[in-house]
Each structure stands twice: as C-alpha cells, then as structure tokens.
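K.L.:
Mind having a look at this structure? Questions to follow.
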Amino acid sequence: MKNLIRSTFIGSLLACSLSNCTTQEETPALPTPNAGGDQLELANYGYETNIGANELKENQSGRWRIVRGENGEVTEENAPNTIFKGEPGELYTLEWELSSGEQYKTDWMDISFKALENQIYSTFEDTIRNNFKIQLHGDSTKYGEVGTWSIVSEDTSGYFENIHDPKTAFVGQPNKTYTLEWKHVYGSKEAKDEMTVHFDSLKAFAGEDQIGIVTKEAPHYFTLQAHLPGGASGSWKLLSGEQGTIVSPTVPNSLFNGILNEEYTLEWTVEKGEHIDKDTVTLSFGGLYTTWTDTRDNKTYKVIRIGDQEWFAENFDFEFYTGQASWYYGQAAEARINTGAPLTTDEERKRYGRLYTYVGASLATPEGWRLPTYEDYWTLVERFNGQSYAGDSFREGGDSGLNLIMGGFFEPQNLRYDPHFGQIDQFARYWVALEEGESPETSLGSVMQMNETPIVGIAPINTGYAVSVRYVRDVQK
C-alpha cells in the first residue's frame, strides 16, 4: 500500500514537472450590484434624498453616475451611501457601477422630485375703490425655492412692501392698472402666476353730516367718521365754527371737541402722490338754531335742526279763534286758575305761547309744517338717552336745544262745565298728531308730556283740552 502511494506521488511530481505547473489564486466573481429602489415624486427640502447601494467588499470599488436628468449632483460619487440633489419636476436615472479588477457590473435606479406649484389666491373686484393698498396672497415656498413678487406690466409705479413675502401688501396709484406676478424659482426651474388689478380714482369721504350729536355733559366730543384709502394720507381742517378742536388732524377717526348749538364744517383731504381730493362734513352738538317767520302775523320763532328734522324751539303763539280754539294761560272768562298767574306781559306770552285745542292746533298749522307724530317724538326720545332721561335734554337749557316749556293746560267749559287752567311751570304737554284715519271728534288724542323729573311719556287726552304746540318739518334742502 505504501509503495502504491509513493509511486502515485512520484507520478504526480513528474506530471507537474513535464507541464511546467505553477500554483495560482483565482479572482472571485462580482456579486450583483443593487442601486436601491426607485424614489419618485419626492417632496423634500432642498430637493435632495439619501441613496444607498450594496456595501463594498475588499478589492471592490463603486461609482455613481447620472445617466439621465439635468442639474443633478451626487455628493460623494464613490460612496455607496450618499446624498443626491436634484431639481423639482426633473426625472433622474442613476447608475451604480460595482467593479473589481477588470470585472464590473451595474444597476440603475430612478429619482424624481415633484414639480414646482404656485398660485395667487387673492381676488379683487374689477375696479378697486377707496383703497390703494391691497393684501396679496400667493403660495408659500416650501422646499428651499425663492418666491418673488414683481410688476410685469408696462406701468411700474406701484410697489410691494416685501417682494419675497407671499402675503405682502401692494400699493398702487389712482387710475392705474397693474399686472402682478408671483414666481417661485429653484435652480433652473420656475413656476409663476399672474393677476391684474385696477385702482379707481382718489375720492375723499368725510362721513355723514351729524346734526344734534348727543353727549351727556361737557366737554362735548365726537369721533369723526372719515375714510382713509389704504396707501393714501389724510388730514382734517376746521373750516367754520367757534371753539372747535380736532384732536388728531391726520387720523380719519380723530376726536372732535366743540360746544353746544354751534355748527361746524370740517374738511377732510386725502392725498396719493400727485392726486388730491376733498370732502366736508357738518357737525353740531345739540341742535342748530335758525329762525322762521310766520308771514300771517310776522312773528319770528327760533327753529332748531336735529338730525334731518327742524323743530320749533319756542311755543307757538298765533292768534286763532281766541276763546274757542286758543287761549293764553289764565285768559278765559269765568275760568278758574288752579296754579300760577295769568300771562299778561308780551315777554310772558312769547315764552309760554298759547294753549290750543287739537282742532285749533291742526287748523293753525303754518304752511310747510305739521304736528309731530308719535314716531317723531319717540325718535327724539331715543336720540336723547331714552324715556327715563330725555326730559333733562328736552327742558329749558337741556342739550337738545328744544327748550320745552311747562305751559300747563286749559280745560274749556264744554268738557265738564268747570273751565280751569292748571299746572303752569309744573307740566309740559304738547299735541301729538292723530293717526291717519282718526278724527278729533271721535278719537282720543295724545300728548307728549314731562314734568320736573327726567322721565317723558305719551299720554292720552281729550282733544277738547288746550295744551302747548310745537311743529316739525323735514330739513329744507
């Protein structure tokens, strides 16, 4: 057995010698490379992503290569695990090559990033009025792109407060049209949207006239109600009226201070660039006094404007069927005087006026005037702090300027066969117009009444009684 083994060994040596045999290590075959799975429609900040191929073994090397797509970058092209950066809306194909010596194998993967999206959400009317500063709203930037507002129309006279803020304000000029663009840019990619805006001409608005402003006590203040168009500047100026003060002349809602029963005219001026416009407003605390003359007897009465109405500010004193439909207090034959004394002087009669039956008050109404309705009186009551407090405003010296007089009443003989006067300087009563369709012969009348308390009210009364009269009319334009 040993000889057999030896001859086999010697035979083997001889065979190796004859063939010039040498010992040699063979190169192992390369494994199949793996570039990783596809990554599509990515939405990452900086438009980058991690990529990872199979790890390298000894004597192996690798390399990433971009075979499709523009402006892509592999941070470390020889590292199997690295970062790839691209651009939005681009599709990339990456190749991972694994090599060892003269051997190499490759694998491919696809990467894409979502395309840029951009939209303007602001909407405006075809013509923007009373405002030259508008708030814009575009898509925000999300993944590192840069957003920029710009004017792309021929007229570039407007400006943005912050061109990179998607919610910035834009300020334009009167009578101008602009095309505005909001654009997102990342690398070589961009997405944009446009809108067109048109601004109206510059118009000043000083607010509605305020006649008879109610304040509880001096000093008398009112908040002005002008409009300042966005992007414009404004200023107040007092044109007429004594002892009036504009607290903040450049503020549209400035406080204004004045005195009772004085008419003020204020001017509000707005400016935008070379454009200027003006408007005026009329104000008064309490009513505004004027006079009116009854041409039938040439007596002149003080009249006060409150809101859109003009009221007698003195009691009516027109001689009308004396002894039948009208009387001075205390001036009736065989009539008792329960309180006070008869009116005998011209001064007294002018102050208190006459007492009229409802029929007398209606028939003696001057042309263009009328007896106040329930609604007329109640509008005044609400204007001057309500039923529980209006009496202080209505009485002589009150802030309404009406100066209602406590003229008392007269009950003629035909009512209870006991004619008498009463309550002068104690009660004020004024006729209220009957409702449409009512008749003084068949309907109960009503009066607005008050005494020394602040409370006022509407009370029923027989139309045959005689009480004081005030008339009212709409403001004469």
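K.L.:
Which one is surrounded by the fewest Cβ atoms within 10 Å (Cβ to Cβ) among residues in region 401-454 that are touching a helix residue (DSSP H, G or I) at 6+ places or on another chain (Cβ under 6 Å) and assigned to a strand (DSSP E or B)?
P.N.:
Met450
K.L.:
Within region 100-119, restricting attention to residues that are part of a loop (DSSP other than H, G, I, E, B) and of a type outside the set (Gly, Ala, Ser), which residue is surrounded by the fewest Cβ atoms within 10 Å (Cβ to Cβ)? Break it down stepwise before answering.
P.N.:
At the first step, the residues of region 100-119 found to be part of a loop (DSSP other than H, G, I, E, B) are 101-102, 114-119.
Of the ones still in play, those that are also of a type outside the set (Gly, Ala, Ser) are 102, 114, 116-119.
Working: Glu102: 6, Lys114: 15, Leu116: 22, Glu117: 13, Asn118: 20, Gln119: 11.
Among those that are part of a loop (DSSP other than H, G, I, E, B) and of a type outside the set (Gly, Ala, Ser), it is Glu102.
K.L.:
Just to be sure, is Trp378 assigned to a strand (DSSP E or B) and either small (Gly, Ala, Ser) or buried (at least 16 other Cβ atoms within 10 Å of the Cβ) (or both)?
P.N.:
Here the answer is no, as Trp378 does not meet what is asked.
K.L.:
Looking at Ile246, Ile304 in this structure, which one is of a type outside the set (Gly, Ala, Ser) and under 30 Å from Leu404 (Cβ atoms)?
P.N.:
Only one candidate passes the filter, namely Ile304.
K.L.:
Okay, next question. In region 32-85, how many residues are part of a strand (DSSP E or B) and among the aliphatic types (A, V, I, L, M)?
P.N.:
Here the count works out to 7.
K.L.:
Regarding Lys167, is this residue surrounded by fewer than 18 Cβ atoms within 10 Å (Cβ to Cβ), not assigned by TED's automatic domain parsing to the domain that holds Glu70 and not aliphatic (A, V, I, L, M)?
P.N.:
Considered against the rule, which asks whether it is surrounded by fewer than 18 Cβ atoms within 10 Å (Cβ to Cβ), not assigned by TED's automatic domain parsing to the domain that holds Glu70 and not aliphatic (A, V, I, L, M), Lys167 comes out as yes.
K.L.:
Here's a check for you: in region 349-375, which residue that is over 18 Å from Asp297 (Cβ atoms) and among the charged types (D, E, K, R) is surrounded by the fewest Cβ atoms within 10 Å (Cβ to Cβ)?
P.N.:
Once the filter is applied, the top-ranked residue is Glu375.
K.L.:
Let me ask another. Here's a check for you: in region 178-199, which residue that is within 24 Å of the chain's Cα centre (by Cα) and surrounded by fewer than 16 Cβ atoms within 10 Å (Cβ to Cβ) is nearest to Gly138 (Cα to Cα)?
P.N.:
Restricting to residues being within 24 Å of the chain's Cα centre (by Cα) and surrounded by fewer than 16 Cβ atoms within 10 Å (Cβ to Cβ), the top hit is Thr196.
K.L.:
While we're here: Could you list, in sequence order, all residues of region 211-267 that are modelled with pLDDT of 95 or more, of a type in the set (A, V, I, L, M) and within 19 Å of Ile306 (Cα to Cα)?
P.N.:
Matches in region 211-267: Leu224, Leu266.
K.L.:
Taking the condition in contact with a Phe, Trp or Tyr (Cβ under 8 Å, 6 or more places away or on another chain) and among the charged types (D, E, K, R), does Arg383 pass?
P.N.:
no
K.L.:
What do you reckon, is Thr269 touching a Ser or Thr at 6+ places or on another chain (Cβ under 7 Å) and either in the same structural domain as Asp317 (by TED's automatic domain parsing) or surrounded by fewer than 16 Cβ atoms within 10 Å (Cβ to Cβ) (or both)?
P.N.:
Values: touching a Ser or Thr at 6+ places or on another chain (Cβ under 7 Å): yes; either in the same structural domain as Asp317 (by TED's automatic domain parsing) or surrounded by fewer than 16 Cβ atoms within 10 Å (Cβ to Cβ) (or both): no.
Here the answer is no, as Thr269 does not meet what is asked.
K.L.:
If you check Glu55 against the conditions, is it over 22 Å from Val185 (Cβ atoms), charged (D, E, K, R) and at pLDDT below 95?
P.N.:
Details: over 22 Å from Val185 (Cβ atoms): yes; charged (D, E, K, R): yes; at pLDDT below 95: yes.
Considered against the rule, which asks whether it is over 22 Å from Val185 (Cβ atoms), charged (D, E, K, R) and at pLDDT below 95, Glu55 comes out as yes.
K.L.:
Next question. Provide a single number: the residues in region 219-247 that are more than 30 Å from Thr291 (Cα to Cα) and exposed (fewer than 13 other Cβ atoms within 10 Å of the Cβ).
P.N.:
Of the residues in that region, 1 qualify.
K.L.:
Same structure, new question: Inside region 455-477, can you point out the residues that are in a strand (DSSP E or B) and closer than 16 Å to Ser362 by Cβ? Full working, then the answer.
P.N.:
Step one: of region 455-477, the residues in a strand (DSSP E or B) are 456-461, 466-468, 472-474.
Matches in region 455-477: Ile461, Ala466, Val467, Ser468, Val472, Arg473.
K.L.:
So is Ser122 surrounded by 15 or more Cβ atoms within 10 Å (Cβ to Cβ), part of a loop (DSSP other than H, G, I, E, B), in contact with a Phe, Trp or Tyr (Cβ under 6 Å, 6 or more places away or on another chain) and of a type in the set (S, T, N, Q) or not? Please lay out each step first, then the result.
P.N.:
Working: surrounded by 15 or more Cβ atoms within 10 Å (Cβ to Cβ): yes; part of a loop (DSSP other than H, G, I, E, B): yes; in contact with a Phe, Trp or Tyr (Cβ under 6 Å, 6 or more places away or on another chain): no; of a type in the set (S, T, N, Q): yes.
Taking the combined requirement at face value, the residue does not satisfy it.
K.L.:
Considering only residues that are small (Gly, Ala, Ser) and either surrounded by 12 or more Cβ atoms within 10 Å (Cβ to Cβ) or modelled with pLDDT under 95 (or both), which ones fall in region 25-45?
P.N.:
If the condition is that a residue be small (Gly, Ala, Ser) and either surrounded by 12 or more Cβ atoms within 10 Å (Cβ to Cβ) or modelled with pLDDT under 95 (or both), then Ala29, Ala35, Gly36, Ala43 are the ones that fit.
K.L.:
Does region 460-472 contain at least one residue that is polar (S, T, N, Q), at pLDDT 95 or above and crowded, with 23+ Cβ neighbours inside 10 Å?
P.N.:
Yes: region 460-472 contains one or more residues that are polar (S, T, N, Q), at pLDDT 95 or above and crowded, with 23+ Cβ neighbours inside 10 Å.
The values are calculated or read from the model by the stated rules, or taken from the named source; none is laboratory data. Being a predicted model, the structure only gives us computed values, none of them experimental. All Cβ positions, even for glycine, are placed from backbone atoms using ideal geometry, and neighbour counts span all protein chains on display.
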